Each structure stands twice: as C-alpha cells, then as structure tokens.
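Notes follow once the structure below has been shown.
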Amino acid sequence: MRSLALLFLLVPAAVGAYDIGDPVADIELTDLDGLPVALSDHAGEIIVLNFFTTWCPGCNEEAAVLENEIWQVYQEDGVTVIAIDIQESVGLVLGWSLANQITYHIWMAPDWSVLDPFTDSPALPYNTVIDRDQTLRYAQIGFDRDAIIAMVETIIDEGSTPVAGATWSGVKALFAR
C-alpha cells in the first residue's frame, strides 16, 4: 500500500481547468489590427468567449449565430462576443471575418495555451460565458446555441427578477459563483 501512495506523489498534477463559478483571469492578446486587447477591457460586460479556427467546420457554422443571434441581439444589454482565433495568420482570419460579415471582436492567439485554463481536453469550437464580475458561468466543447442564449438571458435578468417570480433554477444560478 505504501508504494501505491508513493506512486501517486510522483505523478505530476494535470493542468486544471476552471470550474463553473471560478473567477476568470485576464487574457491579453492582440486584435486583427495588432492592437493590444484584454478581457479586463470589457469589465462589467457579459462576455461570450468563443475559441475557434477558420478550418474548423463547427466554428464556421456557429459564427453566423454568434453574429446574428447573440452579438446583434444582446449588445444593447451589455453583452459582447469575443472570438479568439488559435494559431492562424491575421490575413487569413481577416479575410474569413470579412467573407462571413463578422463584426464582433476577434482576437489572435499565437498558440493553444490560451485555452489551457478553460479545459483539460482542448477541442474546437469551445465556448464560454463570463458574467459581469468575470466569473465563469458556462463552458462547453462544441456549440449549443440554446444553452448559451439561456445563460446570457439568465445573467441579464439577475437582480431584476421579483422574488415572487424567482425559480429554484434562477436562485441556484445566482449562487453558482
């Protein structure tokens, strides 16, 4: 038994991912113009954070939804969409964004390490929703339009729901931090 315990001590710890309710550390990258950008630039906003590449079929399918059903619909409510391209050239991503009529924020990541804090199993597309306090409220490999919109609407509605209209799910969401 003693040798088993020793074996576990010698195994390096796996890189851990954020859990729902964890504060999200600042991310600093550059945008398509080469200008520095950071999550902290969007403090107080609800952030739909999307990790993508132009060669990813699922990423391409979700781009129109992120643009037309989230960014264009909810930006007046303090919601921003930030897509982080992983390891592609600015020229390629700029051409892709123009061809797809994308107006939400696109940031450039030089490698996959930007995804490390979010998941132990990097895969694309990867989507998160971060609330106004920079707390992770949703994280998922793949794209679930309805789940993302539901989380955005939940965060928008927090604090404005009268007690009589509160649901147990809503109360749990408030304390999921």
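The values are calculated or read from the model by the stated rules, or taken from the named source; none is laboratory data. Owing to the predicted nature of the structure, the values given are computational and were not obtained by experimental measurement. When we count neighbours, we look across all protein chains shown, and the Cβ atoms used for this are built from the backbone with ideal geometry, even at glycine.
Pro125 meets each of the listed conditions (1) in contact with a Cys (Cβ under 7 Å, 6 or more places away or on another chain); (2) more than 20 Å from Val152 (Cα to Cα); (3) not polar (S, T, N, Q) apart from (2). Screening region 37-57 for residues that are of a type outside the set (Ser, Thr, Tyr), surrounded by 12 or more Cβ atoms within 10 Å (Cβ to Cβ) and part of a loop (DSSP other than H, G, I, E, B) and picking the one that is modelled with the highest pLDDT gives Glu45. Among residues of region 73-93 being surrounded by fewer than 14 Cβ atoms within 10 Å (Cβ to Cβ) and touching a residue at least 24 places away in the same chain (Cβ under 8 Å), the one that is farthest from the chain's Cα centre (by Cα) is Leu92.
In the set (1) assigned to a loop (DSSP other than H, G, I, E, B); (2) crowded, with 16+ Cβ neighbours inside 10 Å; (3) over 17 Å from the mean Cα position of the chain (by Cα), the condition left unmet by Gly34 is number (2). The condition of being of a type in the set (A, V, I, L, M), farther than 25 Å from Tyr18 by Cβ and either modelled with pLDDT under 95 or touching a Pro at 6+ places or on another chain (Cβ under 6 Å) (or both) holds for only one of Val73, Val114, Val163, that being Val163. Taking the stated definitions as given, is Glu67 surrounded by 14 or more Cβ atoms within 10 Å (Cβ to Cβ) and over 13 Å from Phe51 (Cβ atoms)? Yes.
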